[in-house]
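Trainee: Here it is: the structure, laid out below.
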Amino acid sequence: MPEAAERTGSYRCVIADDHPAILDAVSRYLADVEDVELVARAQNGDEALRLIEEHAPDVAVVDIRMPGVGGIDIARKLSAEESKTAVILYTGHSDRSLLLEALDAGARGFLVKEAPLDDLARAIRTIGEGGTYVDPALAGVLVGPQAAERLPTVTKREREILRLLADGMRNEQVALELSISPLTVRSHVKNAMEKLEADTRTEAVAKALRESLIA
């Protein structure tokens, strides 16, 4: 699981997109976001991987399709290497199979390019804190036939907790939000992980998002 960003006041970020206008617009915006530090930008996947290796950012915002290595392959490679860099796919595509493939590859965030840039900053913060972010516009795309079968298995409370974890909350924050003890939170997370056959809570959140148990 990628490590959360250190509390230095900013999340270090690399952005990669093969559309110059989008790359310039996003770069200018992030340059003015107080708690986000844009350390590098790339126009293709190969350059993105090189810059990620060089700078080891907290978050990489990558286009899902671009020359060279695509965003999904970048996520898969970083996940296999247990890199500290978490991947947000910044996409104009809403193909369900593509998004499911990206989840399985280890991507931690999904944002459509039509979303307000403030949402991108929010996604970077959420991912930097160890959470998972899915653009609300993509939530319906992730609905699959397995969802109805899974809903009775994972309890309402477990889904509530997974949703808060996806928003980047820690166990103690979830406990305060739901007025329960951190021990109870950990117990629910453990149960949800077992039901979803997940090895980590991040994987449990990703599977819950994929099956539309949370949105």
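Trainee: Quick one: net charge of residue 173's neighbours, Cβ under 12 Å, K/R +1, D/E -1?
Mentor: So the environment of residue 173 carries a net charge of -3.
Trainee: Measure nothing but the geometry: give the 0 to 90° angle between the long axis through the Cα atoms of 117-128 and the longest principal axis through the Cα atoms of the chain, rounded to 10°.
Mentor: 60
Trainee: Just how large is the dipole of the chain about the Cα centre, in debye to the nearest 20, putting +1 at every Lys and Arg Cβ and -1 at every Asp and Glu Cβ?
Mentor: Roughly 740 debye, rounded to the nearest 20.
Trainee: Arrange the following residues from fewest to most other Cβ atoms within 10 Å of their Cβ: 72, 22.
Mentor: Arranged by neighbour count, lowest to highest, 72, 22 become 22, 72.
Trainee: How high is the relative contact order of the chain? Use alpha-carbon pairs under 8 Å, at least six apart in sequence, and give a whole percent.
Mentor: Once divided by the residue count of the chain, the mean separation gives 17 percent.
Trainee: With axes computed from alpha carbons, what is the tilt in degrees of helix 71-80 against the longest principal axis of the chain, rounded to the nearest 10 within 0 to 90?
Mentor: 60
Trainee: Still on this structure, I have one more. Among 174, 13, 116, whose Cα sits farthest toward the positive end of the charge dipole of the chain (+1 at Cβ of Lys/Arg, -1 at Cβ of Asp/Glu, about the Cα centre)?
Mentor: Ranked along the dipole, the leading option is 174.
Trainee: Could you work out the helix-only [θ] at 222 nm for the chain, with each DSSP H run of four or more residues adding -39,500 (n - 2.57) and the total divided by the number of residues, to the nearest 500 deg cm²/dmol?
Mentor: -14500 deg cm²/dmol
Trainee: Report the semi-axes of the equivalent ellipsoid for the stretch 146-210 in whole Å, largest first, where each axis is √(5λ) for an eigenvalue λ of the Cα gyration tensor.
Mentor: 19, 11, 11
Trainee: Cβ under 14 Å from residue 33's Cβ, residue 33 left aside: what net charge do those residues give with Lys, Arg +1 and Asp, Glu -1?
Mentor: Summing Lys/Arg as +1 and Asp/Glu as -1 gives -3.
Trainee: Over the chain, what per residue volume does the convex hull of the Cα atoms give, in whole Å³?
Mentor: In the chain, the Cα hull volume divided by residue count equals 110 Å³.
Trainee: Follow-up question, since we're still on this one. Once you list every other residue whose beta carbon is under 13 Å from the beta carbon of residue 79, what net charge do they have if Lys and Arg are +1 and Asp and Glu are -1?
Mentor: -3
Trainee: Okay, next question. Helix 20-31 versus the longest principal axis of the chain: what is the Cα-based angle in degrees, 0 to 90, to the nearest 10?
Mentor: The angle comes out near 70 degrees.
Trainee: Given the peptides 103-114, 41-52, arrange them by the average over their residues of other C-beta atoms within 10 Å, most packed first.
Mentor: The densest-packed peptide leads the list: 103-114, 41-52.
A short reminder: the numbers here are calculations on the coordinates, not readings from a lab. Note that the structure is predicted; figures quoted are calculated from it, not measured. All Cβ positions, even for glycine, are placed from backbone atoms using ideal geometry, and neighbour counts span all protein chains on display.
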